[in-house]
Amino acid sequence: MSVYKNQIQFILGSSSCRREKMLHQIGIKPDLIVKPEINELVLKKELPITYLKRVTQSKLNYVKSKHPNSLILSADTIVSVGRRILDKTCKIDIAEKYLTLLSGRRHRVVTGFSIVSPIFKQKMRYVTSVVRFKELSAQEINFYLESDEWKGKAGAYAIQGIASRYINFISGSYSNIVGLPLSEVYNMLVSAGYDFNNENN
C-alpha cells in the first residue's frame, strides 16, 4: 500500500514541458510544476558530471526550500563531447558549431535526476546514453537550423523530431535522450512510495 495515498503533493522541479509530457506517459500527473530559478551557466573548466550534479542538486534545493513537505523530482540533461558540454542555446551560430561538431561522431547524453520527500531520503542518479549522427552535409545542417527545432535544446537538437533522420546509432535509454529516463525514474518513485495504482494520480 502506498505511504502517500495522494496526501502529499508531487512536484516536478523543471521548466521543461517535455518532461511533464513524458511523466504523463507513465501515468504521473504532477500536482505542481515549479521552474527552479537557478544559475545554469557552465562554469569555467567545469566537467560534465560536475555540472550535472550541481544543477540537478540546485534545482532540488530551490524547490525543497519552497515546498519542504512535498515529493519532489528534479532533473537536468546534458550533451557532451569529451569534456565539452554542448548546452542549450538560442543562437544560430552556436547551434551550427554544435551540429558540425556532432556530425559523424558519437557523443554522450546524460540525465541526472533526484527525488526526495519528507519520508524518503534524497537519492540522485545519472543515466547515460550514446548517440551518433551520420556525416551531415552543409545542406542538412542548414535545413535543420531553419526548422528552429534546435532552439533551447541541449546539443542543439531534439531526437524526437526532425533530427531523428540524421541519427544512425543509439546505445542506452531513448527516453533519457529525450530528457528523462522513464524506467529509472519509475523505479525510484516506486521506492519512494508513489502510488501508481491510485486512480486519482
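Right, ILE85: closer than 29 Å to ARG132 by Cβ and surrounded by fewer than 16 Cβ atoms within 10 Å (Cβ to Cβ) or not? Criteria not met by ILE85. Restricting to segment 57-98, name every residue that is of a type in the set (Val, Ile, Thr) and assigned to a loop (DSSP other than H, G, I, E, B). Within segment 57-98, THR89 is the sole residue that qualifies.
In segment 99-201, counting only helices (runs of 4 or more DSSP H) that sit wholly within it, the ones holding 3 or more residues that are over 22 Å from the mean Cα position of the chain (by Cα) span 138-147.
The residues of segment 5-41 that are assigned to a loop (DSSP other than H, G, I, E, B) and touching a Pro at 6+ places or on another chain (Cβ under 9 Å), listed by number, are ILE8, GLN9, SER14, SER15. Looking across GLU149, GLU140, GLU135, GLU96, one residue alone is farther than 30 Å from ALA192 by Cα, charged (D, E, K, R), open to solvent by less than 60 Å² (accessible area, probe 1.4 Å) and in contact (Cβ under 8 Å) with a residue 24 or more places away in the chain. It is GLU140.
Among the numbered conditions (1) within 30 Å of TYR194 (Cα to Cα); (2) open to solvent by 50 Å² or more (accessible area, probe 1.4 Å), the only one that ARG106 does not meet is (1). Residues in segment 36-56 that are of a type in the set (D, E, K, R), open to solvent by 50 Å² or more (accessible area, probe 1.4 Å) and at pLDDT below 95: GLU37, GLU40, LYS44, LYS45. TYR126 satisfies every condition listed in (1) within 23 Å of CYS17 (Cα to Cα); (2) open to solvent by less than 70 Å² (accessible area, probe 1.4 Å); (3) not aliphatic (A, V, I, L, M) except (2).
Residue count for segment 57-78 under the criterion of being surrounded by fewer than 24 Cβ atoms within 10 Å (Cβ to Cβ), out of contact with any Leu (no Cβ under 9 Å at 6 or more places or on another chain) and under 15 Å from ARG125 (Cβ atoms): the result is 1. Scanning segment 161-181 for residues that are surrounded by fewer than 19 Cβ atoms within 10 Å (Cβ to Cβ), over 18 Å from TRP150 (Cα atoms) and of a type outside the set (Phe, Trp, Tyr) gives ASN168, ILE170, SER171, GLY172, SER173.
The values are calculated or read from the model by the stated rules, or taken from the named source; none is laboratory data. Because the structure is a prediction, the values reported are computed rather than measured. Positions of Cβ are generated from backbone atoms using ideal geometry, with glycine treated the same way; all protein chains shown enter the neighbour counts. Please note that ligands, DNA and RNA were not included when accessible areas were found on the heavy atoms of the full protein model with its side chains. Shrake-Rupley method; radii C 1.70, N 1.55, O 1.52, S 1.80 Å.
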